[in-house]
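The values are calculated or read from the model by the stated rules, or taken from the named source; none is laboratory data. Nothing here was measured: the structure is a model prediction, and the numbers come from that model. Because the Cβ atoms are built from the backbone with ideal geometry, glycine has one as well, and the counts that use them run over all protein chains shown.
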Amino acid sequence: MAYSGGINKQLEYFSRRPACLLLIAVLSAVPAKVFAYRPFVSTDADVVEAGEIEIEFGYFNWERANRENSYVTPQLVFNYGLSNTLELIGEFELEHVSGESSQLVDPGLFLKKVFKPGVLQGSPGVSFAVEAGLLLPSAIDEEDQTGFEAFGILSGTAANFTWHLNLGGGVDRANHDAFALWGVILEHPVTSNLKLVAEFNGESLRNEAAENSGLLGMVWESSAIPGLTLDLGIRHGSSRAAPDWGATMGLSYSF
């Protein structure tokens with residue numbers, strides 16, 4: 001399937017689903033404070049404030065592996081502030097593979113706790129948080145069990161860069177095999193509205209090859225439409241087990 005053909009299919013997909021269009025319209029109309037941690041796989045050592053809801057909406061995600069294209073639309077992450085140092089996170093994706101029906105993949109329910117306030121909370125020093133939770137059963141046949149994931153997060157600044165380091169692991173949904181994961185995010189402001197970003201991350205499952213990849217992208221906050229932040233990223237696999245290429249676009253709001 002050609003890449004342009006995939007975009008046309010995504011446009012047809014949304015045109016047949018008024019609920020998706022309504023969600024986009026509502027998000028575009030509501031001014032909000034933004035905590036965008038799209039387009040990354042990794043995250044930062046911060047949480048939304050108590051009583052706030054953050055929605056991360058990935059409206060286009062493409063991967064190409066072994067000459068086959070797959071699409072994840074939509075990709076949704078909901079964050080709710082239980083306190084100023086603790087948030088509840090729920091996420092899921094709908095995957096579309098050429099010639100196959102859509103299916104729910106990678107659902108999860110997590111808690112993130114800030115244990116040491118730092119630069120991300122307006123205090124000196126490095127911020128430290130832990131995120132842990134359940135990998136819920138997926139629609140994929142071999143991933144119909146419940147797994148577990150936990151990792152520590154450090155966030156800090158150096159020169160004109162903000163960095164975030166993730167390190168952890170867990171057991172998967174398929175056979176409860178152990179896995180390790182890691183990630184590093186770098187952010188560099190170009191203007192008051194635009195940041196250039198990069199991510200290097202990977203996951204290694206026991207007895208299987210590691211899936212390592214890197215992302216280059218941008219995060220742009222509109223000055224004309226308060227609260228609207230858009231992101232764009234291009235990903236390239238750096239190991240044989242990882243998808244060859246990927247692309248993602250999305251937005252984030254908090255209210």
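In the set Val114, Val171, Val105, which member is among the aliphatic types (A, V, I, L, M), under 27 Å from Leu94 (Cβ atoms) and more than 17 Å from the chain's Cα centre (by Cα)? Please lay out each step first, then the result.
On the way: Val114 fails: under 27 Å from Leu94 (Cβ atoms); Val105 fails: more than 17 Å from the chain's Cα centre (by Cα).
Just one listed residue meets the conditions, Val171.
Which one is farthest from Asn79 (Cα to Cα), of the residues in the stretch 130-144 that are out of contact with any helix residue (DSSP H, G or I) (no Cβ under 9 Å at 6 or more places or on another chain) and surrounded by 17 or more Cβ atoms within 10 Å (Cβ to Cβ)?
Filtering the stretch 130-144 down to residues out of contact with any helix residue (DSSP H, G or I) (no Cβ under 9 Å at 6 or more places or on another chain) leaves 130-134, 136, 138-144.
Narrowing further to those that are surrounded by 17 or more Cβ atoms within 10 Å (Cβ to Cβ): 131, 133, 136, 138, 143.
Numbers: Glu131: 12, Gly133: 13, Leu136: 17, Ser138: 20, Glu143: 24 Å.
Among them, the one singled out is Glu143.
In the list Gly6, Gly81, Gly51, Gly90, which residue meets the criterion of being among the small types (Gly, Ala, Ser), under 26 Å from Ser138 (Cβ atoms) and modelled with pLDDT of 85 or more? Show your work before the answer.
On the way: Gly6 fails: modelled with pLDDT of 85 or more; Gly81 fails: under 26 Å from Ser138 (Cβ atoms); Gly51 fails: under 26 Å from Ser138 (Cβ atoms).
Only one candidate passes the filter, namely Gly90.
Could you list, in sequence order, all residues of the stretch 226-235 that are buried (at least 18 other Cβ atoms within 10 Å of the Cβ) and in a loop (DSSP other than H, G, I, E, B)?
Gly227, Leu228
Among the residues of the stretch 91-138, what is the count of those that are over 23 Å from Leu167 (Cβ atoms), small (Gly, Ala, Ser) and in contact (Cβ under 8 Å) with a residue 12 or more places away in the chain?
Of the residues in the stretch 91-138, 2 are over 23 Å from Leu167 (Cβ atoms), small (Gly, Ala, Ser) and in contact (Cβ under 8 Å) with a residue 12 or more places away in the chain.
Looking only at the stretch 241-255, filter to residues that are part of a strand (DSSP E or B) and of a type in the set (Gly, Ala, Ser); which one of those is surrounded by the fewest Cβ atoms within 10 Å (Cβ to Cβ)? Full working, then the answer.
Applying the first criterion (part of a strand (DSSP E or B)) to the stretch 241-255 yields 245-254.
With the extra rule that they be of a type in the set (Gly, Ala, Ser), the set shrinks to 246-247, 250, 252, 254.
Details: Gly246: 21, Ala247: 18, Gly250: 22, Ser252: 25, Ser254: 20.
The extreme case among them is Ala247.
Can you tell me which residues in the stretch 110-129 are among the aromatic types (Phe, Trp, Tyr), surrounded by 15 or more Cβ atoms within 10 Å (Cβ to Cβ) and closer than 10 Å to Ala45 by Cβ?
Here is the first cut: in the stretch 110-129, the residues among the aromatic types (Phe, Trp, Tyr) are 110, 115, 128.
Checking the rest, the ones that are also surrounded by 15 or more Cβ atoms within 10 Å (Cβ to Cβ) come to 110, 128.
Scanning the stretch 110-129 gives a single hit, Phe128.
What's the total number of residues in the stretch 209-229 that are more than 19 Å from Phe151 (Cβ to Cβ) and over 17 Å from the mean Cα position of the chain (by Cα)?
9
Mind listing just one residue for me: the one in the stretch 145-183 that is at pLDDT 95 or above, surrounded by 15 or more Cβ atoms within 10 Å (Cβ to Cβ) and among the aliphatic types (A, V, I, L, M) and, of those, farthest from Glu203 (Cα to Cα)?
Leu154
If only one of Ser238, Ser204, Ser223 is surrounded by fewer than 20 Cβ atoms within 10 Å (Cβ to Cβ), among the hydroxyl-bearing types (Ser, Thr, Tyr), over 19 Å from Gln75 (Cβ atoms) and out of contact with any strand residue (DSSP E or B) (no Cβ under 6 Å at 6 or more places or on another chain), which one is it? So that I can check it myself, show each step before the final result.
On the way: Ser238 fails: out of contact with any strand residue (DSSP E or B) (no Cβ under 6 Å at 6 or more places or on another chain); Ser204 fails: out of contact with any strand residue (DSSP E or B) (no Cβ under 6 Å at 6 or more places or on another chain).
Within the list Ser238, Ser204, Ser223, the selection yields Ser223.
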